[in-house]
Structure formats: C-alpha cells, structure tokens
Amino acid sequence: MKDLEKITNKSPFKVPDNYFEEVSNRIISTAAGSEMQKKPARFHFRMRPFMAIAASFLILALLSYTALRIFLPTEKTPAMPVLSLQEFSETILYDIDIYTLEEGIEPLASYERIPDVSDSDIIDYLILENIDLNDIYENL
Amino acid sequence: MKISEQDKDIIQLLKTDVNRGFRIIVESYSRRLYWHIRRLVILHEDADDALQNTFINAWRNIGEFRNESALYTWLYAIATNEALTLINRRNRNSTVSLDDIRSLLANSAEGSTWFDGDEAQIKLQNAILRLPEKQRIVFNLRYYDEMPYEEMSKVLKTSEGALKASYHHAVKKIEQILGSD
C-alpha cells in the first residue's frame, strides 16, 4: 500500500467548463422526450381470463359430481353396530371358551429344553447377557 | 443498508411528482456517476455518452425501482453496465482500445486539455488500465469512491469476500507495476 498512499485519490481527469450544469439540462430534456416504460402486467393479471375459465370448469365438475352422488342409487353396506369398549371386550371374551385359552397359553407356560445345551451353558450365556443372578436362579 | 435521508426524500417525491424527482436525481448524482464512468472509460466523450445513457435508462425504468435498494446503488449499477457496454462496443468495433488509451495516457503531459494529474497519477492510471475489467471496477469504486464493500456487492452482484480479495489482488498488482516502472 506504500506506493499507493503517496498518490492522491483525487480524480486526475478534466472536464469542459460548466459541463455538469449543461449535462444535467441536456439529460432532463432528452428524458422528457423519452417515454417511461409502462410496468409490464404482473403474471397473475395476465393469466386472469384463463384462471377464470379453469375455475368455471372446476365448479361445474364439482356440481356434477355432487348431483350424481345425491341422485344416483348406491349399494349400501350394512353399518357396523356401534359398541362401547366394554361391550366389545365382553363380547370377545364370551365367545372364547376356557379350553381355547388353555391351548393358547400352554406352549408359553411349559419349559422347552434345548437339546445338547446344559443348564450351566445357559447360565453362562445369561450372565454374559448381564441378567441378574438372582433372577436366573429363581427361574431355574 | 441504510438509505440516506436525501434518497428517501427523492423516492417520496418520485411518487408524487416524477419529473421533479428525476430532475433532483440528475442534479444530485450526475457528478458522482460521471467520475465513476470516466475512470472506467477514460475518454470524456465516452463518459458523456455513458452518463446520458445511464440517466435515460434510469428514467425509463424508474417504475421498476424498488425501495429496498438504495437509489445510489441502483444508479451505480446502471452506470457500471453502461460503461462496460461502451468498453465492449469499443473493443468489438476496434475503434479506440484500452491499449491506445494507455499509450495516450503515457504520453500525456501535465496540463493537457483532458488530464489534470501529475506524473504519479499518470503512472497510477496506467497501472489501473492494466488490471482485468472486474478488478479495475472494484479498485476504482474502493480507492476513488471509497464505496463500502456492502454497497459494492449490491452494485456488482458479487459477494463481499470476493470483492475484498479482488481489491487486495488489484492493489498488489498496481504496486508491482508502480515498483517496476
């Protein structure tokens, strides 16, 4: 920056005398003879007739659809009886007898042994899985 | 960016009396814009043409001017475009190239009819003319107009970081050229 700092940043060019007064008048008189550009119509204004036609078609289609739904006979599926939660659970439970429940629960309740795997192997595995020792011995 | 009180008044006036508003714009900005253009195109006749085109362009599009940008940056952007258009036209038509202008400057003695600087300023102008176009604009706007980078980024539609880097490189190159002369 040192070299630049020695040089003034004043513009080193000359202009003819009274140039700025003369140029302002010249520009204003030229502008007066020149038309200002009219703002181009915005997109939605230009598209307004097409949007109106599209809206008319849409309304017509909706009216036709509604009329068809109202006046044409339709096959109705029987409505589901309205049940409260308590009624629903009671109905389900009465339909299931005790034998069905026992059959369903039995495989879960019985202890199924895995062939060729000893209890100590299972205990080691459970310890590795960080299962509490008390829980393991209680369930053996 | 803060819009100056003067710009606010002009914008307000444009809404009620566009002709008077435009007259005030021309009177307020013709000097600053002329110097900005002149430093880019160098020759007075070219600067005069570009200045007139700048204001006519501004007048035609005054309806498009939006309040969110300052009048000052809007006009500078138009002026820069006009100056660049003129330089490109000059290059295409091979009338007066920047090289011709540079040699004209180099041979220009103090007190010539169109140059008012001393020897150091002639050297500086020569160095500036050797910069790439964009760097030249950035250097002029920063060095002579002392335009903040924030405003410059709006005029040139370039990020502030890129403008700072551009100015830094321009200064380095100019100092190299000045040092080698």
How crowded by other chains is B:32-42, given as the mean number of beta carbons from other chains within 10 Å of each beta carbon? 2
Distance in nm between label sites at residue A:119 and residue B:93, each 7 Å beyond Cα in the beta-carbon direction? 10.9
Partner shielding of B:46-55, taken as the mean number of other chain Cβ atoms within 10 Å, equals 3
Past 19 Å, Cα to Cα, is the threshold; run B:123/B:172; A:10/B:8; A:14/B:123; B:134/B:164; A:10/B:154; A:10/B:157 against it and keep the listed order. A:10/B:8; A:10/B:154; A:10/B:157
Within 10 Å of each Cβ in B:114-121, the average number of Cβ atoms from other chains: 5
Can you list residues from other chains, or at least 5 along the same chain, whose modelled amide H is less than 5 Å from the amide H of residue B:115? A:14
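Readers should treat all values here as calculations from the given coordinates under stated rules, not as data from a laboratory. Note that the structure is predicted; figures quoted are calculated from it, not measured. Virtual Cβ from ideal backbone geometry, glycine too; neighbours counted across all protein chains shown.
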